[in-house]
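Have a look at the structure below, then the notes.
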Amino acid sequence: MIDDFIQNLKESLAKPKKAIIIPHRNADGDALGSSLALKLFLRQKGHEVHVVSPNDYPSFLKWLPRESEVLKYSRTPKLARDNIRKADLIFTLDFNSLSRIEDLTSIVKNARGDKIMIDHHEDPEDYALFKYSDTSMSSTCEMVYNVINLIDQTQFNIEIASCLYTGIMTDTGSFRYPSTTPKTHKIIAHLIEIGANGAEIHQKIYDSSSFNRLKLLGITLSNLIKIPNCPVVYMTLSQNELKSCGFKKGDTEGFVNYGLTLKDVIFSCIMIQNENEGKIKMSFRSQGDFSVNDFAKTYFSGGGHNNAAGGMSFDNMQDTIERFKKAVNEVSLRLK
Ligand code: 5GP
Ligand code: MN
């Protein structure tokens with residue numbers, strides 16, 4: 001798969017091109033890190049490149065090299081749209097369904113540029129001219145590393161290494177999820193040799209909480225409910241609770257994982273009310289064989305990976321909780 005992809009990509013990049021790189025909406029460390037790393041690489045190879053993100057992302061990502069050059073569609077729609085329309089190549093990174101870029105979906109669909117997917121989620125859609133899609137990969141950053149490594153390793157530098165280190169670290173839960181392979185560690189070792197500072201990156205991402213965020217975590221944990229006789233917990237956050245802690249984008253990142261720190265719990269869910277968008281954003285995490293990707297797809301119009309997925313509900317909080325409990329009851333055999 002990667003051989004064909006590299007061959008196609010080399011042909012596409014044979015002449016200087018206008019390229020756009022798009023991470024998914026609400027970009028995380030992997031989506032933004034991989035997009036910025038690929039941008040740096042392509043620019044060093046003589047192409048004109050912009051990263052266009054559908055919307056803003058958490059401030060703990062805003063130290064990433066060249067982050068300030070990202071065009072945000074939510075802030076400058078005309079500029080972002082014009083650039084996408086002019087592009088020869090449109091890379092979509094860390095997602096595989098155009099619905100994940102929401103407001104940009106139809107702009108990208110109708111754009112003349114060739115679409116190129118690099119992604120590690122399940123069930124890829126068929127919109128790309130060619131794709132590198134591999135669900136065994138820890139992260140899209142690991143995949144972008146492979147791409148640069150196979151096309152021109154002399155281009156690696158400290159900025160690219162820092163971006164890639166960030167995404168591999170965040171998507172592997174700091175190198176502990178089962179997707180972390182010997183190859184992942186070898187790549188990380190190489191990125192450190194190039195100059196990525198692991199301790200500093202870890203601190204910038206994980207130890208930069210505001211006081212309010214830690215208070216919000218306290219509220220979330222006090223809302224934690226265990227479903228009786230089931231290895232399942234869920235947490236909720238209402239708009240009022242978010243407001244009371246001056247909620248900022250990214251503040252709830254990672255909260256759902258606390259459910260899995262409980263002995264014998266293998267499935268954790270968080271439901272977060274978004275009054276503006278009239279929906280409840282749901283995040284699912286599991287340990288072992290229980291697929292939250294299947295669960296999210298079946299019950300909450302979502303998807304993701306086997307052990308980390310997301311979805312949404314357009315019901316109110318109480319009805320969403322009831323629907324969640326009913327769904328858990330339906331899959332209870334698979335949770336044993
Ligand atoms: P999170 O819970 O952190 O938002 O997302 C967990 C994983 O599921 C990520 O890999 C993310 O890309 C994916 N994901 C989150 N929300 C959705 C969704 O609504 N649809 C799909 N297909 N994937 C999602
Ligand atoms: Mn990812």
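The values are calculated or read from the model by the stated rules, or taken from the named source; none is laboratory data. These figures come from a predicted structure and were not determined experimentally. Cβ atoms come from the backbone with ideal geometry, glycine included; neighbour counts cover every protein chain shown. All accessible areas refer to the heavy atoms of the entire protein, side chains included, with ligands and DNA or RNA removed. Shrake-Rupley method; radii C 1.70, N 1.55, O 1.52, S 1.80 Å.
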Item to check | Integer Hz, Karplus 6.51/-1.76/1.60 couplings in order for segment 186-195, x for Gly and Pro | outcome: 5, 5, 4, 4, 5, 5, 5, 4, 5, x
Checklist entry - Once the piece of chain linking SER332 and PHE130 is laid out straight, how much longer is it, given 0.36 nm per residue of separation minus the C-alpha distance between them? => result 68.8 nm
Next on the checklist: Can you give me the C-alpha center-to-center distance between segment 1-61 and segment 273-336, rounded to a whole angstrom?
Outcome noted: 30
Next on the checklist: What is the angle, in °, between the Cα long axis of helix 211-222 and the longest principal axis of the Cα atoms in the chain? Nearest 10 is fine, range 0 to 90.
Outcome noted: 50
Checklist outcome for this item: Of the accessible area of the chain, computed with a 1.4 Å probe and all protein chains kept, carbon and sulfur make up a percent value of 49
Checklist entry - To the nearest 10 degrees, how steeply does helix 2-12 sit against the main Cα axis of the chain, on a 0 to 90 scale? => result 50
Checklist entry - Mean residue ellipticity at 222 nm from the helices of the chain, using -39,500 (n - 2.57) per DSSP H segment of n ≥ 4 over the full residue count, to the nearest 500 deg cm²/dmol? => result -12000 deg cm²/dmol
Next on the checklist: Taking 2.2 N^0.38 Å as the expected size of a compact globular protein, what ratio does the Cα radius of gyration of the chain give against it, to two decimals?
Outcome noted: 0.99
Checklist entry - Could you give the distance between the Cα centres of segment 199-233 and segment 76-127, to the whole Å? => result 32
Item to check | Cβ-based net charge around TYR234, under 12 Å, with every Lys or Arg adding one and every Asp or Glu removing one | outcome: +3
Next on the checklist: Less than 13 Å Cβ to Cβ from ASN212, Lys/Arg counted +1 and Asp/Glu -1: what total charge do the surrounding residues give?
Outcome noted: +3
Item to check | Modelled FRET efficiency - R0 22 Å, SER99 with SER74, Cβ distances, 0.05 increments | outcome: 0.85
Next on the checklist: I want to check the label-to-label distance for LYS249 and ASP319. Put each point 7 Å from Cα in the C-beta direction and report it in nm to one decimal.
Outcome noted: 2.9
Checklist outcome for this item: Per residue, accessible area of the chain with a 1.4 Å probe, heavy atoms of protein chains only, in Å², comes to 45
Checklist outcome for this item: Taking only Cα atoms of segment 23-129, the Rg to Rh ratio with Kirkwood Rh works out at 0.92
Checklist entry - Helix 140-152 sits at what angle to the longest principal axis of the chain, using alpha carbons and giving 0 to 90 degrees rounded to 10? => result 10
